[in-house]
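**Student:** What follows is a single structure, and I will ask about it in a moment.
The values are calculated or read from the model by the stated rules, or taken from the named source; none is laboratory data. These figures come from a predicted structure and were not determined experimentally. All Cβ positions, even for glycine, are placed from backbone atoms using ideal geometry, and neighbour counts span all protein chains on display. Heavy atoms of the whole protein, side chains included, go into the accessibility calculation; ligands, DNA and RNA do not. Shrake-Rupley method; radii C 1.70, N 1.55, O 1.52, S 1.80 Å.
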Amino acid sequence: MEISRSVPRCTTTTPGARMPCSLQALVPTKARQPRRLTCKATGGRVFFFFYVLLGLDAQRGRAAIAAPIQAPDLGNCNPPDLPNTAPDTNCCLTSGSGIGIIDFVLPPASSAPLRVRPAAHLADAEYERAVALMKQLPGDDPRSFEQHRAYCDGAYDQVGFPDLEIQVHNCWLFFPWHRLYLYFHERILGKLIGDDTFALPFWNWDAPAGMTLPAIYANRSSPLYNERRDPAHLQPFPVDLDYNKIDVIIPTDEQIDQNLNIMYRQMVSGAKKTQLFMGQPYRAGDQPDPGAGSVENVPHGTMHTWTGDPAQPNSEDMGNFYSAARDPIFFAHHGNIDRLWHVWRGLRPGNADFADADWLDTAFLFYDEEARPVRVRVRDCLDPAAMGYAYQDVGLPWLKAKPANRSRRTPAHAAGALPATLRETVRVKVTRPQVSRSDKEKEEAEEVLIIEGIQVVDHFKFVKFDVLVNVPESGGDGASGYCAGSVAMTPHMIGTNKKKGSMKTVARFGVCDLMDNIGADGDKMVVVSLVPRCGGELVTIGGVSIGYTK
Ligand code: C2O
């Protein structure tokens, strides 16, 4: 493929960028990497026009209500099967007979939260002491650092559906499951140091002060240290929330501004409706991975990969779900994810929750600080205050980071056709069923760009592609302004008893604000570019359409 000099590209300007993602990250010449910007359009050869018709929301034709997913049977666990890696049986709880399961009860209501979680860059040494004690627990204690990682990789089947794993990612269980996981982790740590006000730190990567690897995790003699991290990403190297497995050297303030713009998109403009933020419904008997919410892709997935060690066979530890929780920083990363869920609910009080019983009654099992198995439902974890914790108020600097409007320019020509493997950029014309809707209509129903039939073969590698609307041929530095979002998936394995196969999912992006910003709100047709950033050769896309979500 020829490389155009006129169009700056994310992944095709250097020889390294043509390598699979896992190798790109090994290219040692960071300083020589060209400057790149978020979500920049990749030039592509012109193929032929292709029209994707219709705006069918996959949820619309859904069969009538199934039932909530039940707590797993702990006696039936299948550890993941990974290439080049010893089986990690710690996905299964060895003492997991599930005998004596108790039901979770919220603590008695109190006026002040018991535990206030601090930003990790402001945390104190008590946390280190607690983690050191947790790491000293005997390996068969379900509260031990190694042990309490059940479910980590689809290790449990759905009760009653032996062919279906329970998958807590890429669906509406993402936020609740991780909230509960942290909640019990925190309570166990507090118990170990005899302090029931102990609160986990969170990695405040959405604010400039937190946009580096927090120092407490980088001290080699600390129990919070982990050697399987990217050695290039130590302080003061800034985080890149749009990480494509290549370090882009740009001035730190520019990186910070980009990060804040991304936060705005993922939390505000692209997350106006519950499913767009929380992820798609996932009920008993459903195939896993119906679709992630905005934040689960970016920054959740990108920051997992940013943290992991590219020299490990599967980007361990954080670059892979099976190993992620071996790194203590996992809990700080997910502390921020959890905080953002809480923040989002505050920003959108009108549509904060699914009122769906299948969501509310989904049940999980965790071990508590007394090592008792506890059955907890989603409805028990909707309100951090009721659970006895809160987050330190560190502000939301991204709330005003709305990207500037883009001038209306001629979009790049459509090129390629779907279905296709994302070996290179595919651009397709997509019809918008409605144009120039009123503010009220836009408020009621968000316009949603739907990328259907996403299939990832052998999900052993980080996969990322960006989705841009009407980006001009010479996207230049402003291309990120045309970005609807990205699909960024941290690898997750399939339990050994499952038939290996491709992972299938759907991505949805709220684009009302984007259409306005790029001057396309009156257009019947837009050009959507799918730009592979990592592992494009592993990804097939079925089609692109536009629908509406209330
Ligand atoms: Cu269970 Cu960050 O993923």
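**Student:** Of the residues in region 235-253, how many are of a type in the set (Ser, Thr, Tyr) and in a loop (DSSP other than H, G, I, E, B)?
**Tutor:** Residues in region 235-253 being of a type in the set (Ser, Thr, Tyr) and in a loop (DSSP other than H, G, I, E, B): 1 in total.
**Student:** Would you call Ala232 outside any loop (DSSP other than H, G, I, E, B), open to solvent by 10 Å² or more (accessible area, probe 1.4 Å) and among the aliphatic types (A, V, I, L, M)?
**Tutor:** So Ala232 fails the test.
**Student:** Confirm whether Arg379 is among the basic types (Lys, Arg), farther than 27 Å from Ala488 by Cβ, outside any loop (DSSP other than H, G, I, E, B) and open to solvent by 10 Å² or more (accessible area, probe 1.4 Å).
**Tutor:** For Arg379, the condition - among the basic types (Lys, Arg), farther than 27 Å from Ala488 by Cβ, outside any loop (DSSP other than H, G, I, E, B) and open to solvent by 10 Å² or more (accessible area, probe 1.4 Å) - is met.
**Student:** Pick out, from region 264-326, the helices (runs of 4 or more DSSP H) lying fully within it that include 2 or more residues that are modelled with pLDDT of 95 or more and either within 12 Å of the ligand (Cβ to nearest atom) or closer than 22 Å to Lys442 by Cβ (or both).
**Tutor:** Of the helices (runs of 4 or more DSSP H) lying wholly inside region 264-326, those with at least 2 residues that are modelled with pLDDT of 95 or more and either within 12 Å of the ligand (Cβ to nearest atom) or closer than 22 Å to Lys442 by Cβ (or both) span 274-278, 302-307.
**Student:** Then there's this: Which ones in region 158-168 are within 14 Å of the ligand (Cβ to nearest atom) and open to solvent by 10 Å² or more (accessible area, probe 1.4 Å)?
**Tutor:** Listed by number, the list holds a single entry, Glu165.
**Student:** Give the residues of region 474-502 that are at pLDDT below 80 and in a loop (DSSP other than H, G, I, E, B), sorted by residue number.
**Tutor:** Selection gives Ser474, Gly475, His492, Met493, Ile494, Thr496, Asn497, Lys498, Lys499, Lys500, Gly501.
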